[in-house]
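To start, the structure itself, in structure tokens.
The values are calculated or read from the model by the stated rules, or taken from the named source; none is laboratory data. This is a predicted model, so every value here is computed, not measured. Neighbour counts run over all protein chains shown; Cβ positions are idealised from the backbone, glycine included.
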Amino acid sequence: MYYHTLNEELRRRFGCKVYKLALDGGFTCPNRDGTIGARGCIFCAGDGSGAFAADRALDIPQQIEAAKARVAGKNGGGKYIAYFQNFTNTYGSLAHMERLFIQALAPEDVVALSVATRPDCLPPEILSLLLNSLYALDTLQKPQSIVKAAFELKLLALSGYEPLLDGCAVCGTHNPKEPVFDAQQGVLLCKECADHGGSGLLPLDAGSFAAMRHVLFSEPKRMLSFSLSGETEKRFAAACEVFAQVQLDRRFKTLDFYKSMKIDN
């Protein structure tokens, strides 16, 4: 019986062989840290069955470059899958997963994400977010910038970093005519109150503000059931990205590379 393989689909979509880059996210496993046991599973090697993964002492951008060098003879100038291989790569905080997965997907030539895990370590809300985002990209053909921004914002909210967008944090206005997002504090301000605030404030418009609220408060399956364009789309994407960077207290080298590729193109 014939079946359509992932390899065939990736070749059809990208016009080339797509290779996995084995990465180490620094995770462990409940069968190793004492939660269930400490000896590991009988089928899992001491390195978490990640013999080909890069050195976990390197950060994700460095691991990606090292893994590319390893397969350069086979895939010079091609496309890649970021493959978090060893141990259980959803066994940790959502904030940690957020940092790693965003870094891994930032390069233009990384076109897919593969995450090795186990069923009892995949919270349903994370699975739902991943599947809905992939469906929006593949089937609904939603713009990458919108899906990326919505994924960042929702994953941060699930990780305990949900911004307060009910109304202006100072005067309480529910729907400000000229909303401003304070990424540092994670709150909404109206323009009048923002004029008395500090730096780093991001101006929104009605559409980008409504989109952020929709992502946070809608049913998971409807999280991406909206459309944006032009300046409104840019403001939405910028607000979500800056919020992630500020709340996680770091910049992402791969995100800078991603932006340079988008500008060059």
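Here are a few things to note about the model shown:
- Count of region 170-198 residues which are under 30 Å from the mean Cα position of the chain (by Cα), among the polar types (S, T, N, Q) and over 18 Å from residue 248 (Cα atoms): 1
- Scanning region 72-108 for residues that are surrounded by fewer than 17 Cβ atoms within 10 Å (Cβ to Cβ) and either touching a Pro at 6+ places or on another chain (Cβ under 7 Å) or part of a loop (DSSP other than H, G, I, E, B) (or both) turns up 76, 77, 92, 93, 108.
- Residues in region 57-102 that are farther than 21 Å from residue 158 by Cβ, touching a residue at least 40 places away in the same chain (Cβ under 8 Å) and among the hydrophobic types (A, V, I, L, M, F, W, C): 64, 67, 71, 81, 87.
- From the list 142, 148, the one residue that fits, being part of a loop (DSSP other than H, G, I, E, B), among the basic types (Lys, Arg) and touching a residue at least 40 places away in the same chain (Cβ under 8 Å), is 142.
- Test result for residue 78, at pLDDT 80 or above and not basic (Lys, Arg): yes
- You will find that of 156, 129, the residue that is within 27 Å of residue 35 (Cβ to Cβ) and touching an Asp or Glu at 6+ places or on another chain (Cβ under 7 Å) is 156 and no other.
- Scanning region 133-146 for residues that are under 16 Å from residue 243 (Cβ atoms) and crowded, with 18+ Cβ neighbours inside 10 Å yields a total of 1.
- Conditions (1) part of a helix (DSSP H, G or I); (2) over 15 Å from the mean Cα position of the chain (by Cα); number of the one not met by residue 132: (2)
- Qualifying residue in region 110-132 (condition: buried (at least 20 other Cβ atoms within 10 Å of the Cβ), of a type in the set (Ser, Thr, Tyr) and under 18 Å from residue 19 (Cα atoms)): no
- Cβ-Cβ contacts under 7 Å between residues 6 or more apart (or on different chains), taken from a first residue in region 165-191 that is among the small types (Gly, Ala, Ser) to a second residue that is assigned to a loop (DSSP other than H, G, I, E, B) and loosely packed, with under 15 Cβ neighbours inside 10 Å, are listed as 167/174; 183/200.
- Residue in region 68-87 that is farther than 26 Å from residue 16 by Cβ and touching an Asp or Glu at 6+ places or on another chain (Cβ under 7 Å) present: yes
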